[in-house]
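Laboratory data are not the source of any read-out in this text; all were calculated from the coordinates shown. Owing to the predicted nature of the structure, the values given are computational and were not obtained by experimental measurement. FYI the Cβ positions are ideal-geometry reconstructions off the backbone, even for glycines, and counts take in every protein chain you see.
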Amino acid sequence: MARIPLLQMSGISLTFGGDPVFSDLDLVVQPGDRVALVGRNGSGKSTLMKVMAGLVEPDQGSIVVPPGKSVGYMEQDPQMTGFATLGDFAASALEPGEMYRVERAGEGLKFDPARPVETASGGERRRAALAKLMAEAPDLMLLDEPTNHLDIEAITWLEGELKSTRAAYVLISHDRAFLRALTRATLWVDRGQVRRQEKGFDAFEAWRDKIWEEEDQQRHKLNRLIKSESRWAVEGISARRKRNMGRVRALQDLKAERASQIKRQGAAELALDAGPKSGRKVIEAEGLSKAFDDKTIVSNFSLKVQRGDRVAFVGPNGAGKTTLLKMLLGLEEPDAGSVTLGTNLEIALFDQTRDQLDPDASLWENLTTDPALGISGKADQVMVRGQPKHVVGYLKEFLFDERQARAPVRSLSGGEKARLLLARLMARQSNLVVLDEPTNDLDVETLDLLQELLDAYDGTVLLVSHDRDFLDRVATTTIAMEGDGRATAYAGGWSDYLSQRAPKEAEEKVEKSKPSKPKPKQEAAPKEGLSFKEKHRLEALPDEIDRLEQEIAKLEQLMADPELFTREPVKFKKATEALVERQEKLAAAEEEWLELEEKAGDA
């Protein structure tokens, strides 16, 4: 029996600013689909996803979602007006008693549901939007750059959830490893056309290159035919004017066909000039220690960075990667230890927060107001690695058009902001490049260019990233921030780090599992009472048990409706799952309370 599509788009056309984004687009998403949605920055991927979600209305065409099926969209910039906490926002569409779904997603994605909305960062808001989608569990999930602002641990958790879900999903992501692990089909948005291949992202680049090669061959044949027919028109038309006017019109049609072809977007002209060589020793750190309040960032950390090294820093969000980087650059003082910078260093910094960009100033002004470039804010030229270039010409090298030059930076997409920051960075000569999360929002083609550029760069690179594929292709040394002040150096990139860490973790587990030697009876320590944490937990458990009992009662009352299963099968299924999980949590909480109460009584 044929499957009923979760979403069907027919004859979709959409125009922005006079330029067609899509024209006569047909698209179907089936149950069980795992789809990568790919394309260059600005090609319309996010717009297409918003059309699929019903947030952008097309000029023409229809979108059908069958009754009883749901489509969920992860918002890039979620609106949280009216919500006190991130948890309130994330649970806003859930049934009573389903807050546990948000709490579970919060643990995996590392955000605090109790965090007030007004103090939450942009990254925390995005994680709350992702948790909201995961908790609601729609039949079709639309995920636009879900790994941005996630560390590798959270990305791995999300991968596991998406691998095990029965829902269909469409993913936009720059993270190759994430896409390769999860997708079984690919939608490619290219110059207003959407192509589909029933293979995952791993096969995308070979497919894309083959299509582009065929396109180039067809265009070459068309150019040769136009050239031949044009020569005929000049040399032979006068003798056979009436008989051959059809051939002249055919020539005009060929030229019109060529003119109508949309040229492929070129690659950004990325370039790095290492300039004067730095000294052989770039950075030498000895015994660095740093703590904030009761949190230790690093303890007794030492590192030598030589010219030409590519050093990556990895670890969970909040582990202190950026703090350690700043200490190594002399931008932040350690509590203990010393840092010695090498001679003749010219540092270029890519900041993940985009603080180097003024959102209210234009692209033009952002390129011409940096004192390090030696020019004023109203100049027509920008100094690019020692040579003057017109601002618009330089912007075009990074795929911006003339109309964007005077537009405010806040109007740019995330990928465009990243390209503008690269334009600023690459205008300078440098022999030490520092890249703090450079891969966020960049398309795979630009990431390929950046990786090739770093490979050929005759300088030193310090890199913070959660993109495992990029780490593997760039890093020669990986510094893992492993918690409790431990920062350990491993040779190679991410995969090398994992292979080296596995034997070490196995050895630690063996040591922990060894039985401790029994102490003589007279030395046995007396039984101790509850720890502070256990005492606090014992005091909190009665309220938690009471809350669980109330939620179970509400769910049982909901399911007491004999018509619920036939009237709202999806709601019945969700309520059943919630009831089972609440009952399991209640049993676990009661058992934990009994154990703690018994331990307290034995003290």
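Less than 14 Å Cβ to Cβ from Pro66, Lys/Arg counted +1 and Asp/Glu -1: what total charge do the surrounding residues give?
Result for the neighbourhood of Pro66: +1.
Would you mind ranking Ser338, Ser164 so that the residue whose beta carbon has the fewest other beta carbons within 10 Å leads the list?
Ser164, Ser338
Could you tally the net charge around Asp77, taking each other residue with its Cβ under 10 Å from the Cβ of Asp77, Lys/Arg +1 and Asp/Glu -1?
With Lys, Arg at +1 and Asp, Glu at -1, the net is +1.
How would you rank Trp212, Trp494, going from fewest to most other Cβ atoms within 10 Å of each one's own Cβ?
Trp212, Trp494
Hey, what did the stretch 532-602 get for relative contact order, percent, Cα under 8 Å, at least 6 apart?
Once divided by the residue count of the stretch 532-602, the mean separation gives 46 percent.
Work out, step by step, the length gained on full extension between Leu331 and Ser164: first 0.36 nm times the residue separation, then minus their alpha carbon distance; give nm to one decimal.
Length difference between fully extended and current span is 55.7 nm.
Determine, for Asp77, Asp472, Asp175, Asp24, the number of other Cβ atoms within 10 Å of each Cβ, and report the residues in order from fewest to most.
Asp77, Asp24, Asp472, Asp175
Local charge sum around Ala336 (other residues, Cβ-Cβ under 15 Å, Lys/Arg +1, Asp/Glu -1)?
-3
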